[in-house]
1. Taking the Cα centre as origin and putting +1 on Lys and Arg beta-carbons and -1 on Asp and Glu beta-carbons, what dipole magnitude results for region 102-265, to the nearest 20 debye?
2. What GluC sites (Glu not before Pro) does region 433-487 have in DSSP loop regions with at most 13 other beta carbons within 10 Å?
3. Volume per residue, Å³, of the convex hull around the alpha-carbon atoms of region 317-455?
4. Can you give the Kirkwood hydrodynamic radius of region 416-485 from its Cα pairs, in Å with one decimal?
5. Checking understanding here: applying a Kyte-Doolittle mean of at least -0.5 and a length along the axis of at least 24 Å (C-alpha), which whole DSSP H helices in the chain pass?
6. How big is D for the chain, in µm² s⁻¹ as a whole number, if Stokes-Einstein is applied with the Kirkwood radius of its Cα pairs at 25 °C and 0.890 mPa s?
7. Counting other C-beta atoms within 10 Å, which of Lys437, Lys394 has the fewest, and how do the rest follow?
8. Based on DSSP, what percent of beta bridges with both residues in the chain are antiparallel, to the nearest 5?
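Quick note: the coordinates plus some simple rules give every number you see, no bench work behind them. What you are looking at is a predicted structure, and each value in this text was computed from that prediction instead of being measured. Here the Cβ is made from the backbone with ideal geometry for all residues, glycine too, and neighbour counts use every protein chain on show.
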Amino acid sequence: MKRSLLLVSVLLLSLGVADSFMQQRGAGSNDMIARIKAEGLQRSRALVLYRYLTDDIGARLTGSPAHKQAANWAVERLKEFSLANPHLEPYQFGHGWQVDGISVEMTEPRYQRLIAYPEAWTPATKGAITGRVVYVGDKNASQIQAMAGQLKGAIVLTTLPQTDWVDHDRPQPGLNDQSVATGNPTLAGAKSTTPANDLRTILQRAGAAVAVRASAYRDGTVGVTGSLNTPTDSVPSIVVAGEQYNILARLAAAGKPVAMRVELRARYLEDDRNSYNVVAEIPGRDPALRDQIVMIAGHLDSWHTAAGATDNADGAVATMEAMRILQAIGAQPRRTIRMVLWSGEEQGLLGSAAYVKQHFATQAAKDQLDVLMNDDPGSGKTLGFYMEGNRAAKATFDRWLEPLKDLGATRNIIEGIGSTDHVSFNEAGLPGFNVIKDFDSYDARTRHTNADYPERMSEDELKESSIFMAAFAYQAAMADERVPRAK
């Protein structure tokens, strides 16, 4: 008798769960989108999350204490949102790096404070380096090698005066029949007569104290990245605002006395050689579909010079806030909705590649993924998705876009885009898509520069992007069929 009652109870419970998500699937679907909008517009946490990431934490270089702080903070917020199993997933990264201070000044023929930043993972200078500069930007390798005596312990200007500038964004996708820039845009850069790799080797052998190059961005904007593989005994590398560098180089090339003072305090961090993705989920309720996964994601890491606001705090916040919205309105998805905040994106999609390797190593595991929807390049509202040439999926996404057009979502485009974390999924044969956002002053001003601050995004834009991601995740999780694979 007790066993019969137990079976009846289980059956009634399962029918109740089924009835609940069947209501959300059918006539209630539009109501659920309306509830997503209401929660995202009226009770948004997006701006609070965004300000904490950008104001309180700031730059979040992978492997740095700031990135670890941001990842732990995200886990605590996701617990607060009552999501299932918020946690960090480690993968092997390498040593961390942190700037403790930098000062770069021209001291002759007059004093001027210079706008300058170190390349990530460059070593510190040996104290404060002062003295006349040596200019080699216009010299070939043989000429520089002949100057070995002048280079030892010197501050070396390594590039020509900057004349080509980063002053255009890539074409806006899907507008006026313009082509889509499918990967990192081709941008102007610093140039020297001797190839950069050869020049680094010569300076290393000669014992130069510090290498200085120009930024190719205008108006005091400094674009800086760096390499995790930089040798710890390499010549410290500093990037100076292009217009200021040009003054130094022109004076030095004319034989006029130019002196500088450079001090970089930086250190390598060896105590934890892992980095971490942040993971949480809303479990699926349909017994037939709950093992299938709808993923939404964005990268939490940034470069080290500003606040990592448009690259990519806005995408990380949209991902977190989308999950909060769905949990707050009591969404009961058929499939599991999982969110991930990647790390190591800026070093070559390392976090997403590690995740794919760990979770989708077999065909059976791959079959469980319904779709990945990623939020990264660009700023402003989310407009739609790059569809990676998948016309069948585009038809589905076009339907899902319709109820969001009143918020400014305008188009899915058939083209793809590269150089962000959905690529790790595509390369493994998995369906990954990335959102479309505007490139208004993104390439020319904020991306990978010291100008990437939160004022570039409005609260309304953060709200819209969060609602967009929540609505797409919900519709994917409730659909009868998986998102179509590319043929």
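1. Roughly 640 debye for region 102-265.
2. Within region 433-487, the qualifying GluC sites (Glu not before Pro) (loop, at most 13 other Cβ atoms within 10 Å) are Glu481.
3. It comes to 135 Å³ per residue, whole-number rounded.
4. Details: mean 1/r = 0.0679 Å⁻¹.
Across region 416-485, the inverse of the average 1/r is 14.7 Å.
5. In the chain, the long hydrophobic H runs are 2-25, 459-478.
6. So the translational diffusion coefficient is about 102 µm²/s.
7. Lys394, Lys437
8. 55 percent
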